[in-house]
């Protein structure tokens, strides 16, 4: 099957049969994304779908601006609109590549507007490289399974139509048709983990452990993951107990009877839900926390508190993780959506000890009092105005809207 036909088949599976009126394309200027730009342009003309092209200039290399201009020129030649987004808030410490990836998603999420789907040029090689990176970290089925063909992030759906196509095929497509592209030098820089895995794959290929083998293994593991996620959803649903929105309560005896792997999945999903975190905790820390909780001990992980009590295990947001936290883009702590009708002069912050004192040290049936300290509340300066969790004042301005979905439904991957 030709490359355009395979691309069309992938797009049909991802967004068909009723195609949206418009789709976004994230194009960096590299060989994979430039091939996707041209493949998508041909597909869109055939199916009557509009395309919008976006490039994120991370400003990490002197050539990045000219590369974005090259994408803009190529998009214009294809009759497509293009916009360059700039990231200039580089962190001084930490994982620069991960920070750049998260910034890219945020910027594109703000850019895409009514466009629901944005295509990214992740290839079969990316699947194999990710497999090795996660294998090195000791990941289980969750981490080793193939990246999803579509995934909801920051209010839009990432789609990956090149997931079953190799980087070599895309480069050949570019070279035959004279499609311009750039080679990012960081792709061969051993300072970056993905580059090291790319080099390692070349040596593994001779032993029969190359891209095709690892990508196929990741695909099979994804099938296993889907079955395990369904089991976790069923087990969590049976073990859940009533809790105020945003928290998670599990029957301790019911949870203890569940097999260990499913316990880990439930705990990881609950922590990710309560923290509204983009990632789940690392498996080693998760295993240590599970052992402690099953033994009757309390724990803190992923910005959450976990209390083991006689009849239940209770998870809630750690107050230290939200103390002093302000609203960002109409949200507080990522999962609480704040109405744009919020009265002028009011602010959203954690209830904390000051709010507890003003509210007369309230209690919420079925929840530990400590869980109230991290609840969102409306403040007029130092004066507590409202707190939905304790039934104080108007609850309309704040509502729970977790970006990863509700628990336990969030245990199922996209």
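Where a number appears in this text, it was derived from the coordinates with a stated rule and is not lab data. In this text, all values refer to a predicted model and were calculated from it rather than measured experimentally. Using ideal geometry, Cβ is built from the backbone for each residue, glycine included, and neighbour counts are taken over all protein chains shown.
In terms of overall dimensions, the C-alpha atoms belonging to the range 271-313 reach 31, 19, 12 Å along their principal axes, ordered largest to smallest.
Distance distribution P(r), the range 30-106, all Cα-Cα pairs, bin width 5 angstrom from 0: 3, 14, 23, 22, 16, 11, 7, 3, 1, 0 percent. Placing a pseudo-label 7 Å from each Cα along the Cα-to-Cβ vector at residue 47 and residue 137 gives an inter-label distance of 3.2 nm. Its Kirkwood hydrodynamic radius, worked out from the mean inverse distance over all distinct Cα pairs, puts the range 357-409 at 12.5 Å. Computed from the C-beta positions of residue 400 and residue 77 and an R0 of 60 Å, the FRET efficiency is 0.80 to the nearest 0.05. Annotation for the range 25-76 versus the range 229-296: alpha-carbon center distance of 41 Å. Peptides 63-75, 277-289 ranked from most to least packed, by the mean per-residue count of other Cβ atoms within 10 Å: 63-75, 277-289. Against the main long axis of the alpha-carbon atoms of the chain, helix 167-177 sits at an angle near 40°. Between residue 183 and residue 65, residue separation times 0.36 nm minus the direct Cα-Cα distance comes to 41.1 nm. For the range 200-240, the alpha carbon convex hull comes to 64 Å³ per residue, rounded to a whole number.
Dividing the summed helix terms, -39500 (n - 2.57) for each DSSP H run of n ≥ 4, by the number of residues in the chain produces a 222 nm estimate of -13000 deg cm²/dmol to the nearest 500. Normalise the Debye intensity by I(0) for the range 319-400, one equal point scatterer per Cα, no solvent, then take log10 at q = 0.12, 0.14, 0.15 Å⁻¹ and round to two decimals. Debye intensities relative to I(0), on a log10 scale: -0.29, -0.40, -0.46.
Convex hull volume per residue, computed on the Cα atoms of the range 65-200, equals 141 Å³. Under 15 Å from a label point 7 Å along Cα→Cβ of residue 282: give me every residue in the range 86-107 with its amide N that close. Inside the label zone: 94-95.
Across all Cα atoms of the chain, the radius of gyration (one decimal) and Dmax (whole number) stand at 23.7, 74 Å.
Principal axis analysis of the Cα atoms in the range 213-303 yields extents of 44, 26, 25 Å, listed in decreasing size.
Cα extents for the range 324-365 along the principal axes, largest to smallest and rounded to whole angstrom: 31, 22, 20.
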